[in-house]
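A short worksheet on the structure shown next.
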Amino acid sequence: MERNTKRVWKGLAATSVALLVGVGMSQTGAGRDPSARELYETARDRYAQVDSYIARLTRREVVNGKQRPEELILLKFRQRPWSAYMQWIGQEGRGREGVYVRGQHGDKIHTRLAAGDVPFMPAGRRMALSPTGALIRSASPRPITELGIGAAVEKVGGVLAMLGDDQGHGSVSVVGPERRHEFVQPAFGIEHRLQAGVDPLLPDGGRRTYYFDPVTNLPTVILGVDKSGREMEYYRYDRLQLGVHLDDADFNPDLLWPAPPRAS
């Protein structure tokens with residue numbers, strides 16, 4: 001499995017950069033810093049060119065007030081129909097896999113368990129779970145349909161549309177360019193300052209910042225902190241391979257995990 005994972009990453013930079021690199025958004029053509037609307041529209045237009053992608057997801061979340069361990073996940077994503085495959089490749093949950101295709105395969109999240117996921121069930125056992133069920137909600141505060149770079153693009157667009165002149169939902173500003181360890185160049189971000197009661201994941205208010213990769217212009221780092229500055233959520237999509245044309249076989253649980261042959 002580790003050998004296959006290494007092959008997935010091999011040559012990612014050349015493939016992804018060739019597909020989507022244009023002029024970065026470090027500055028606009030006029031030599032000034034971009035506005036939040038310009039950052040969003042550039043990301044929206046870039047992402048519209050992507051039918052599917054492979055990425056490594058680093059995820060940290062607070063669930064029911066408790067910090068969960070950092071997860072490292074190999075993510076395969078397809079736009080239509082909405083499809084996601086995940087393989088946990090870090091220390092936390094190593095060996096777990098999950099796949100979901102909206103409206104197909106019973107509209108369930110099909111998963112292969114890691115050791116300790118469910119009491120008295122061995123690692124490798126396959127289960128089909130409701131996307132809104134208790135097991136899924138206990139693992140992450142966000143529904144699976146909010147996973148991925150496209151969801152981040154949509155979220156930014158929704159925030160900009162919602163705010164307008166309405167300051168009751170907070171405010172938006174551009175931050176940066178900042179030097180962050182996730183990027184090789186300084187990056188801009190869109191910071192959404194939330195008031196209390198607006199977002200159930202930040203009930204007392206806080207800030208959620210979407211950082212845009214200077215190379216792809218996509219929001220690949222999302223950081224949410226509460227009003228005290230405590231990190232509540234962190235998502236990073238790196239080692240991007242864009243436009244890989246994934247198909248049904250990449251998201252079919254019966255093909256991914258065929259049943260062992262019955263003993264004769």
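For segment 232-249, the count of residues that are free of Cβ contacts under 8 Å to residues at least 40 places away in the same chain, within 17 Å of Gln67 (Cα to Cα) and of a type in the set (A, V, I, L, M, F, W, C) is zero. Checking the stated criteria, Leu57 turns out not to satisfy the condition of being closer than 23 Å to Gly157 by Cα, hydrophobic (A, V, I, L, M, F, W, C) and in a helix (DSSP H, G or I).
If a residue must be of a type outside the set (Lys, Arg), within 15 Å of Ser83 (Cβ to Cβ) and crowded, with 17+ Cβ neighbours inside 10 Å, how many such residues does segment 106-117 contain? Don't jump to the end; show me each part of the working.
We begin by selecting, within segment 106-117, every residue of a type outside the set (Lys, Arg); these are 106-107, 109-111, 113-117.
Next, from what is left, pick out any that are within 15 Å of Ser83 (Cβ to Cβ): 106-107, 109-111.
Among the residues that remain, those that are also crowded, with 17+ Cβ neighbours inside 10 Å are: 109-111.
Final tally of qualifying residues: 3.
Residues in segment 69-96 that are crowded, with 17+ Cβ neighbours inside 10 Å and more than 14 Å from the chain's Cα centre (by Cα) were compared, and the one that is farthest from Gly116 (Cα to Cα) is Ile89. Contact annotation: residue pairs with Cβ atoms under 8 Å, 6 or more positions apart or on different chains, pairing a residue in segment 184-199 that is over 13 Å from Val225 (Cβ atoms) and in contact (Cβ under 8 Å) with a residue 60 or more places away in the chain with a partner that is assigned to a strand (DSSP E or B) and aromatic (Phe, Trp, Tyr), are Phe188/Tyr211; Phe188/Phe212; Ile190/Tyr210; Ile190/Phe212. So which residues in segment 168-191 are farther than 21 Å from Thr216 by Cβ and either at pLDDT 95 or above or not hydrophobic (A, V, I, L, M, F, W, C) (or both), if there are any at all? Gly168, His169, Gly170, Ser171, Ser173, listed by residue number.
Pairing each residue of segment 32-45 that is surrounded by fewer than 21 Cβ atoms within 10 Å (Cβ to Cβ) with any residue that is modelled with pLDDT of 95 or more and part of a helix (DSSP H, G or I), provided the two are 6+ apart or on different chains, yields C-beta distances under 6 Å for Arg44/Val153.
Please tell me if Gly90 is touching a Leu at 6+ places or on another chain (Cβ under 6 Å), part of a loop (DSSP other than H, G, I, E, B), small (Gly, Ala, Ser) and farther than 19 Å from Leu202 by Cα. It would help to see each step written out before you state the result.
Values: touching a Leu at 6+ places or on another chain (Cβ under 6 Å): yes; part of a loop (DSSP other than H, G, I, E, B): yes; small (Gly, Ala, Ser): yes; farther than 19 Å from Leu202 by Cα: yes.
The answer is yes for Gly90.
Residues in segment 120-136: is at least one surrounded by 15 or more Cβ atoms within 10 Å (Cβ to Cβ) and either closer than 25 Å to Glu231 by Cβ or out of contact with any helix residue (DSSP H, G or I) (no Cβ under 9 Å at 6 or more places or on another chain) (or both)? Yes - at least one qualifying residue is present in segment 120-136. Arg78 meets each of the listed conditions (1) over 19 Å from Leu240 (Cα atoms); (2) in contact with a Ser or Thr (Cβ under 6 Å, 6 or more places away or on another chain) apart from (1).
The values are calculated or read from the model by the stated rules, or taken from the named source; none is laboratory data. Note that this is a predicted model, so its numbers are computed, not measured. Using ideal geometry, Cβ is built from the backbone for each residue, glycine included, and neighbour counts are taken over all protein chains shown.
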